[in-house]
Amino acid sequence: MCPADPAFEGQHFKDPYERFMYQHLQYYGYFRGDEQALQNSSLPLENWEKSSQYMLKPSNFQKRVSSELHEDKKLLCSFMVKTALLKSKQLMLDHPADPGVLRLREPRNLFSLPNCKDSLLAPRWPIECEVIQDHIHHIEWVPTEPEPFYQPTGNETAPQVMGEEYGTIVYYIEPAIKGTFFTSSRVGGTQEPMKSAAMSLRGPEDTKLWFESRFESGNLQKAVRVGEYEYELTLRTDLYTSKHTQWFYFQVQNTRKAVTYRFTIVNLMKSKSLYSMGMKPLLYSQKDAERNGIGWRREGSDIGYYKYNTKDGQTLYCLTWTVCFPHSHDTCYFAHFYPYTYSDLQHYLLTLVNDPLRSQYCKVRPLCNSLAGNTVYLLTITNPSKSSVAAAAKRAVVLSARVHPGETNSSWVMRGFLDFILSDSLDAQLLRDLFIFKIVPMLNPDGVIVGNYRCSLAGRDLNRNYRTVLKESFPCIWHTRAMIKRVLEEREILLYCDFHGHSRKNNVFMYGCNRKHVSEQLLHERVFPLMLSKNIPDKFSFNSCKFKVQKNKEGTGRIVMWRMGIMNSYTMESTFSGSTLGNKCNSHFTHEDLKSLGYHVCDTLLDFCDPDRSKFQQCLSELQELLQQKIQRKLSELGCEQNTEGTWSDISLSDVESSTSGSNSSQSDGPPAHLLNMTEKDYNEKKNKKKKKHLRTRKERNDLHQKYALSRTLKHQEDVVANPISPCLGNLHSLSKRSRRDSSSEKKNKQISQVIRSCQEKDIEDSLSSLMQAENPEPPLGNQIVPVVQCDLKTQDPQPLIVTMIPPTRAQRSSLINSPIKQHPPPFHGQLKGEFPEKQNEGPSVSSFFPPALRIRRYRSMWWNAEVPSVTLMLRRGLSLKSQITQDKKQLWNLNQSRSQVLPNQEFRWKPLNIDQLLLGGENEHHHVKVKGIPKESGRKHSSLERRVAGPKSGAVLFP
């Protein structure tokens, strides 16, 4: 690496690119020692020949070498510099200020604008669409007088829908097949030969109208002639959907002057419309535009909007109106509102790029490509900053429009905003100095091109999918959100506003997001709309603004950006009709009115950011008074007393504010159209697929086992207390009840009943008591096999049990050693942790029969010796608990002897029973024993004992 050039320290490059190239070349050793550094990039043309760039042209280089051979080293270095510069094709010498000044070429493929109508950059259509080659262009014209609303008379005609059965189809285009989705696109649409959609005229005297809508933003599917001058029109729904018919734009030819025509659109889907409030359709005459310079104007009379039911029971709405064309044999257009196509946007951006002044502070870049491959443009507008500190201090403003393609009024508002912010006025310059504007003028170019009203080619409303992760299905929304995230990482975004159009309300208004959880910023989100209403009181209605965050609007751009951290996040709604305020009361909006709205947005932005906060505080105090009045009206409507002592902040803003009245796009929610079939297929496969059994872990099985054991133990204790029968029979009885509940087999129920009856007939208790000695004053053991101790077991926080062992006496130990039969350990008693046998008050316990002198040893509840089987286990084997122990001349019962020691061999035998397996199955449900550190010998003995207990599948029960 070459050391730093000392000559570089004193140089200042105006062009950042030159500075970068100098440092880059210096780093790689192109400048050493006495070599002259590059001079200032702003070299005049006469000095350019003296520079190394001119010197290193091939012809001049040869002359230089022949004349100055002694400067080989310097020439070699300069040649390397020139070679490095020539490798880059981004340097140009056509700087507008001076031809000798190098400037950086615009990077290729960063913006794309068509050069002509045949360019490959022209709008791309889905391959299902037929497109005519004629270029449609309309002039911009503003009426000299306000255009008033239509005043209904109450006698408007509501013609009955006749349909194809009683009329003649004069125009028809094939709709997209139901259930299809977007696959590909191309310039010009379909590759198939163009078909004639309209009926041919028989001659010049034929009065039939010629319809056409296969052009950009056109929307008409069918026209039926039901009278000589009466037509029923069917609009095409949004492509790849069966909904959203509101926008219309079509052409008619072969008109007749001084004749009243009636047009009726028969498949509208909104129950309310501005047409029922005086709105008129728009008419454009080609001859008037050419001869008189007259463009779009409001025309129509006898306007009606009414409901009707189709034969299949569907409810639709009709719009009907009459009109007289100004010229015969004219080409006219009807539209829902002033059209603004994708080509119109491209031509406008082309003028910005070609303007040498405005292009300095307006950069046009592609944000992304749409689903059909059309470019979504991003405009960055700001003045160059004097320093990096000033550039970093700038805040950002993000504006977007045309997410709904049929809301063309949003494009006219954006057009007015761009005209003002790119002008040379002092306010525009100040805004460019203060802010960086990120503008997306058309979010849904595909829908605009094909003439959709609300959806994109994915068949979904983009303004409900700002939270989407489907980048390929919703590229425009995904990249817009990603761009805003990047801006938020760099700087604060002061304002986000998405321009829309409204089809059911007049005037202009905004939707925002209230900050009810931030007390110090309460009502701050309403200041900007209030300022805007003060700047344009004859167009903007603050009373129509809403600031409620609704759950069904969570996917809108306004709410998503608000949750991302943009506090002033709005949706601006401008009506399709006109104003009911001030000087423009009951008159239609023109496109100039909407463009002026864009100017007033800039003016209000300056007021909102004014360092003098007097305007802001004044608006804030007015908002508090307005909210107080609204709360008082709400309380009076509810019949409550006036809130005189409390403050307006005591009541939630949601209680006094209604929801937004935007269009319901819930039917357009869900996956895009091309994923619907895949989603249904996956759902059906999952539905028909057999669920895989979930395998629990050992910990889960142990926890579940303990949970079931505890619940069944509690249930068993309740059954023993509730039933007056003996414990042995009660145990059988409870088992039989559970078996009946758990088993659906009648055979098992019969077997259980037989066991109970056999036990009752043989009277096990009496036979066991007869084996006792007569001198025993205690009750027979059959009636007290196990002493029942009532313990307060807490199901939520169960306490572990403590096993108390009673050691045998010396005499018992000697008898146990000499006995040839395996003896059982001493009796034990289960109790709660922390409680001693003396403290047990309920029920007799075995330990209570022994004097306190006998020692009591305790063991942990979950661990005991493998040699110690539980009492219930011994009962299942039919072992007797009877053993005579003399202690202080009293007979005590012990568990040391088995039944085989008490009874002779001929007095008992094993009987197999089917029910014994069920009885043995309850053992592990009541007592769960974990053997810890068992010796091998004891483990084998215990396992052999369990095998003896389990026996064959049928089990065994001992009867005397």
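The values are calculated or read from the model by the stated rules, or taken from the named source; none is laboratory data. Everything quoted here is computed from the prediction, not taken from an experiment. As a convention, Cβ positions derive from the backbone with ideal geometry for all residues, glycine included, and neighbour counts pool all protein chains shown. Each accessible area value is taken on the protein alone, full model and side chains, heavy atoms only, with ligands, DNA and RNA left out. Shrake-Rupley method; radii C 1.70, N 1.55, O 1.52, S 1.80 Å.
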Open item on the list: For the range 528-540, which positions are surrounded by 21 or more Cβ atoms within 10 Å (Cβ to Cβ) and either in a loop (DSSP other than H, G, I, E, B) or at pLDDT below 95 (or both)?
Closed with: Ile536, Lys539
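Yes/no matrix, rows are residues, columns are (1) under 30 Å from Val397 (Cβ atoms); (2) open to solvent by 30 Å² or more (accessible area, probe 1.4 Å); (3) at pLDDT below 80:
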site: Val601; (1), (2), (3): yes, no, no
site: Asp610; (1), (2), (3): yes, yes, no
site: Glu625; (1), (2), (3): yes, yes, no
site: Cys640; (1), (2), (3): no, yes, yes
site: Pro671; (1), (2), (3): no, yes, yes
site: Lys686; (1), (2), (3): no, yes, yes
Open item on the list: Of the conditions (1) over 44 Å from the mean Cα position of the chain (by Cα); (2) at pLDDT below 95, Ser242 satisfies every one except a single condition; which number is it?
Closed with: (1)
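Rundown of residues vs (1) open to solvent by 10 Å² or more (accessible area, probe 1.4 Å); (2) at pLDDT below 95; (3) among the polar types (S, T, N, Q); (4) within 24 Å of Phe589 (Cβ to Cβ), yes/no style:
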position	(1), (2), (3), (4)
Asp355	yes, yes, no, no
Ser359	yes, yes, yes, no
Val398	no, no, no, no
His404	no, no, no, yes
Gly416	no, no, no, yes
Leu422	no, no, no, yes
Met442	no, no, no, yes
TODO: Check Glu592, Glu573 and return the single one that is touching a Gly at 6+ places or on another chain (Cβ under 9 Å), at pLDDT 95 or above, open to solvent by 10 Å² or more (accessible area, probe 1.4 Å) and part of a helix (DSSP H, G or I).
DONE: Glu592
Open item on the list: Only one of Ser276, Ser217, Ser271 is in contact with a Phe, Trp or Tyr (Cβ under 6 Å, 6 or more places away or on another chain), outside any strand (DSSP E or B) and surrounded by fewer than 20 Cβ atoms within 10 Å (Cβ to Cβ). Can you tell me which?
Closed with: Ser276
Task: Matching residues in the range 285-327 - criterion: being in a loop (DSSP other than H, G, I, E, B) and either among the acidic types (Asp, Glu) or under 30 Å from Ser242 (Cβ atoms) (or both) - done: Glu299, Gly300, Thr310, Lys311, Asp312, Gly313, Gln314
TODO: Scan (1) part of a helix (DSSP H, G or I); (2) in contact (Cβ under 8 Å) with a residue 12 or more places away in the chain for the single condition Leu443 breaks and write down its number.
DONE: (1)
Open item on the list: Can you pull out every residue in the range 141-186 that is in a loop (DSSP other than H, G, I, E, B) and of a type in the set (D, E, K, R)?
Closed with: Glu145, Glu147, Glu156, Glu174, Lys178
Open item on the list: Please determine whether any residue of the range 233-250 is in contact with a helix residue (DSSP H, G or I) (Cβ under 8 Å, 6 or more places away or on another chain), under 28 Å from Phe181 (Cα atoms) and surrounded by fewer than 22 Cβ atoms within 10 Å (Cβ to Cβ).
Closed with: yes
Open item on the list: Quick check on my filter: what residues within the range 222-267 are outside any strand (DSSP E or B) and free of Cβ contacts under 8 Å to residues at least 40 places away in the same chain?
Closed with: Glu228, Tyr229, Leu235
TODO: Determine which member of the set Leu371, Leu378 is of a type in the set (A, V, I, L, M), assigned to a loop (DSSP other than H, G, I, E, B) and either touching an Asp or Glu at 6+ places or on another chain (Cβ under 9 Å) or modelled with pLDDT of 95 or more (or both).
DONE: Leu371
Open item on the list: Which pairs turn up if I take residues in the range 621-643 that are closer than 20 Å to Ser519 by Cα and look for partners that are among the charged types (D, E, K, R) and modelled with pLDDT of 85 or more with beta carbon separation below 6 Å, at least 6 apart in sequence or on another chain?
Closed with: Leu623/Arg526
- [ ] Could you pull out the residue among Leu530, Leu495, Leu488 that is out of contact with any His (no Cβ under 9 Å at 6 or more places or on another chain) and closer than 19 Å to Glu622 by Cβ?
- [x] Leu530
Open item on the list: Please go through the range 487-527 and give me each residue that is aliphatic (A, V, I, L, M), farther than 30 Å from Phe576 by Cβ and not in a loop (DSSP other than H, G, I, E, B), ordered by number.
Closed with: Val487, Leu488
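Do you know which residues across the range 387-406 are under 30 Å from Glu216 (Cα atoms) and in a strand (DSSP E or B)? Show your work before the answer.
Initial filter on the range 387-406 (under 30 Å from Glu216 (Cα atoms)): 398-406.
Selection gives Val398, Leu399, Ser400, Ala401.
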Open item on the list: Kindly evaluate Ser385 against the criterion of being over 32 Å from the mean Cα position of the chain (by Cα) and surrounded by 14 or more Cβ atoms within 10 Å (Cβ to Cβ).
Closed with: yes
Open item on the list: If the requirement is being small (Gly, Ala, Ser), closer than 28 Å to His500 by Cβ and out of contact with any Lys or Arg (no Cβ under 7 Å at 6 or more places or on another chain), which of these qualifies: Ser276, Ser285?
Closed with: Ser276
